[in-house]
1. Which sequence of Cys323, Cys197 reflects their accessible areas, 1.4 Å probe, from the largest down?
2. Probe 1.4 Å, all protein chains in place: accessible area of Trp347 in Å², nearest 10?
3. Test of the criteria: in segment 291-321, which trypsin sites (Lys or Arg not before Pro) are in a DSSP loop and have at most 12 other Cβ atoms within 10 angstrom of their Cβ?
4. List the relative contact order of segment 30-121 as a percent without decimals, with contacts defined as Cα pairs under 8 Å and 6+ residues apart.
5. Could you tell me which of rounded, prolate or oblate describes segment 91-175, using a ≥ b ≥ c as the square roots of the eigenvalues of the alpha-carbon gyration tensor, with rounded for a/c under 1.5 and, failing that, prolate when a/b is larger than b/c and oblate otherwise?
6. Quick one: net charge around Ala278, please, counting Lys, Arg +1 and Asp, Glu -1 for every other residue with C-beta under 12 Å from its C-beta.
7. Students sometimes get this wrong: rank His77, His280, His312 by accessible area, probe 1.4 Å, all chains present, largest first.
8. In whole Å, how far is the Cα centre of segment 314-356 from that of segment 82-145?
Amino acid sequence: MYDLKIIQDAQRLVLHDSLHTYKVKNSRSNIAGQAKETSTKKGAIALFSSKDSMQKAHGVVVTSFEALDAIADRMTHWTPNTFNWLGYTQNRASVRGHRENNLAQINSLVVDIDFSDAAERDAREQEVLSAVTVADLFIPTMILRTSKGFHVYYVFDQPMFLRKKRGQFPVLKAAQKMSSFVRQWIQKRVAGVDVGCNNFGIFRIPRQDNLIFFDANMLIQVSALMKWSQYYAAQVPVTDQPGGKVISLPSDEGRQVDQTWFKALLKVTTVKPGHGLARHNTVMTLALAMYQSKVSQQRARDVLDVFNSNLHEPLVDREVVQCVRDAYSGDYRGAALSYVQGLLAQWVPNFSGKVVAGIGWYKFAKPRAERQYSHAHEWRQDVLALINRVGKSTTAVAISTRQIQAELGISPASLNRVMKQLQAAYQVKKVQRGNQPALLTTVTMLFKSAMAKRRTQSQVWTRYLTPLVPTVAVSGYEAVIDTLARLHEHDLAGGLEPPWEFERKRRWG
């Protein structure tokens, strides 16, 4: 359990100075009126005391860190990205204004990973830790344990500020793509990623009872993530269909409402609330398909009213109306292929029709198994996966080029080229040890080692203090983990200092 000061630091790190320091009114600080604010624009966030309150939008609007500190420990969810303004409906029944087009700045990406229950969550924690270091480049800033899964935060080094240009929000679109690609990357490596939740909506707030990893130094450079997203988009095929042809859509497939997947989803009545792609995502996808097909907004309302009424557990009417409004806002072109495929897999498992996005031209790449040669990025992924698998939870591993060649069937020249590319991109690092063989380490290995060290430090520190302070098992104290770079240096030097040394340095330097 992290102490309260670290929790507050984590919350401030996420929000990037986007709130006032003190309350504008009724502040308890004597210097509230005299304090100088930074020049950055201030906005608002919303907090919710339970998941049920969140779903009903029964929350509290906060515009200052003073107010946040006063109530954060009683809240379970928040909006980690800052809005221009937030308000209340009549009689303060619910929060209003938390819409993407009202965002002032995007502070972080959050990935929601859910399992069936807490037992599965705990059993698959190591699998999650192996999957959340995206492309062996981007380490999470913090990880929160939820009731059935994890919320993984990737906090930006600088917020992405939204500006409207010609009726559009280009920064928002870029952030949505980055968020989508990060989720896709993780989803391919661990089941349970909620690809359908709002990219910049409501998530768990860091608290002492849920924060299991935090390193303030592990911030995501926006420019680097954007560059990686562009590369990833070029490598990911649109569908898994074989062949190397470039095709266009026939007239009966140009409109999404004319496609078989739309008709199949429209007949589903068993969509239930819960994690993953559920009722809201289904209604939104259908509405976007009708918008792309130039169906009138009123007609879309009528169709989705009938669809919602046929559900065994329908949405409230206002949510259907809101989905149609969002779909027809002009911020989207149509239903996204990834959502369509996810919905079909979840609610129409026996679907056998062709799935195309219906918005333009697409190139279908030939699968790797049908090609004689592999692409360079595929070899890089194979080498990284092998090093991470052999290394497991260690910080660095000794593995020879011959062993890599034998395992992967890659030629010496190709391996040499791939290793140079991985080192140039800081995805693999060689650690020289004099006359001994060099060690190889990756970001994933360092991150997993850091998590293991954190647990060990916590256990040792608790055992050390228990005879002195009988209540330590209840109140607890967990030493702050070192940065990954220093942690790595400690390991190579022969191990970490005992936790009481961490405490001494924390207090007295």
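The values are calculated or read from the model by the stated rules, or taken from the named source; none is laboratory data. What you see is a predicted model, and the numbers here were worked out from it, not measured in a lab. Cβ atoms come from the backbone with ideal geometry, glycine included; neighbour counts cover every protein chain shown. When the accessible area is computed, the model is the full protein with side chains, heavy atoms only, and any ligands, DNA or RNA have been set aside. Shrake-Rupley method; radii C 1.70, N 1.55, O 1.52, S 1.80 Å.
1. Per-residue accessible area, sorted high to low, gives Cys197, Cys323.
2. 50
3. Values: sites: Lys294, Arg299, Arg301, Arg318; in loops: Lys294.
Those satisfying the criteria are Lys294.
4. 27
5. Taking the square roots of the gyration eigenvalues as a ≥ b ≥ c, segment 91-175 is oblate.
6. Within the 12 Å Cβ shell, the charges total -2.
7. On the way: His77 10, His280 85, His312 130 Å².
Per-residue accessible area, sorted high to low, gives His312, His280, His77.
8. 21
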